[in-house]
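Shown next, in structure tokens, is the structure this report addresses.
The values are calculated or read from the model by the stated rules, or taken from the named source; none is laboratory data. Computed from a predicted model, the values in this text were never measured in an experiment. All Cβ positions, glycine included, derive from the backbone under ideal geometry; neighbour counts span all protein chains shown. All accessible areas refer to the heavy atoms of the entire protein, side chains included, with ligands and DNA or RNA removed. Shrake-Rupley method; radii C 1.70, N 1.55, O 1.52, S 1.80 Å.
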Amino acid sequence: VKEASWLKDNDLVIVLIHKDITKVYPLSILNWHEIINDNLAGDPLLITYCPLCGSAAAYQRKIVIDGVKTTLTFGNTGKVYNSNFIMYDHNTDSYWSQFDGNAIMGELTGKQLPQINVHIVNWRDWKRTHPNSLVLSENTGFSRSYEKDPYPQYPQNNELLFPVDKKSSSLLTKEVIFGITLENKEKAYPENILKEKAIISDVLSGARIKIQRDEAGMVTATNLETGLTLPVQRSYWFSWYTFHPETQVYTTQD
């Protein structure tokens, strides 16, 4: 953290906690590259961010193919579906959805990457509360102006650069939400409500759940019936809705 003096206090970063390692991936880098093939604690991991959808997602890169554990390496196809960028694996050239880690075309169609929770937080809050974190360096081997945002006005307006299948006016197009899926039921929790309440108690698919935002900005969800942590997907509202059109939306009246 001390060596990451190039990061500004108000920069957004992705945080991944895996085993005994905490690592920070600045959005200023991921806005340009979108995909990072990394290895933490001996595990091959995939960290992704789609600036068009505001969606951060991380996955295990090792899956079973024909009975053999195989480590996949990913790249960006340059294509989008529902405004979400499409990945491919170098091993088979199969296409994968960044949003949910599903293989959607090619010989691995139907496979799914195991998901790992990641968080998008403010650098100021994170470096204060987690000073021993590792931080991805600017020295990526590529010539990019990481201090410049390739989508400077995009998060502040309602315009989309690419079409989506389904739209909803229940929330603002690019309002940040945290989506949770439990037993084929989905619900979106607006970030502005979580910032106000910090802890939300709710019921989803008949189970009591707790959604919590800590002082560093991490949002976690727990199934209180089982004690298990639930995956949380951070994205813009339009993106969550087009992939989950049956979703519910949490309101202060719930």
Positive-pole candidate from 150, 73, 105, dipole of the chain, charges at beta carbon = 150
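From the square roots a ≥ b ≥ c of the eigenvalues of the alpha-carbon gyration tensor of the stretch 135-179, which class results: rounded (a/c under 1.5), prolate (a/b over b/c), or oblate?
Because a/c hits 1.5 or more and a/b exceeds b/c, the stretch 135-179 counts as prolate.
Of all accessible surface on the chain at a 1.4 Å probe, what whole percent is carbon and sulfur?
Answer for the chain: carbon and sulfur cover 46 percent of the accessible area.
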request  = Could you list which residues have their amide H under 5 Å from that of residue 205, counting only those 5 or more apart in sequence or on another chain, with H placed in the peptide plane?
outcome  = none
request  = Specify, per residue and in Å³, the volume enclosed by the convex hull of the alpha carbon atoms belonging to the stretch 115-254.
outcome  = 157 Å³
request  = For residue 23, go through the lysines and keep the ones whose alpha-carbon is under 23 Å away, minus same-chain ones fewer than eight residues off.
outcome  = 2, 8, 62, 127, 148
ask   = Peptides 34-42, 54-62: what's the order by average Cβ count within 10 Å, highest mean first?
value = 54-62, 34-42
query = residue 166: which lysines have alpha carbons under 25 Å from its alpha carbon, excluding same-chain residues fewer than 8 sequence positions away?
reply = 79, 111, 174, 185, 187
message = Contact order normalised by length for the stretch 1-115, with contacts defined as Cα pairs under 8 Å and 6 or more residues apart; what percent is it?
response = 15 percent
request  = For the chain, just the Cα set please: Rg and Dmax, both in angstrom.
outcome  = 17.8, 51
note = Whole-Hz Karplus couplings 3J(HN,Hα) for the stretch 2-10, θ = phi - 60° and coefficients 6.51, -1.76, 1.60, Gly and Pro as x, run 4, 7, 8, 5, 6, 7, 8, 4, 8
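Considering only protein heavy atoms, what per residue accessible area in square angstrom results for the stretch 76-208 with a 1.4 angstrom probe? Present the calculation step by step, with values, prior to reporting the outcome.
Numbers: 7570 Å² over 133 residues.
Ligands and nucleic acids excluded, the result is 57 Å² per residue.
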ask   = In whole percent, what relative contact order does the stretch 67-223 give with Cα contacts below 8 Å and a gap of six or more residues?
value = 15 percent
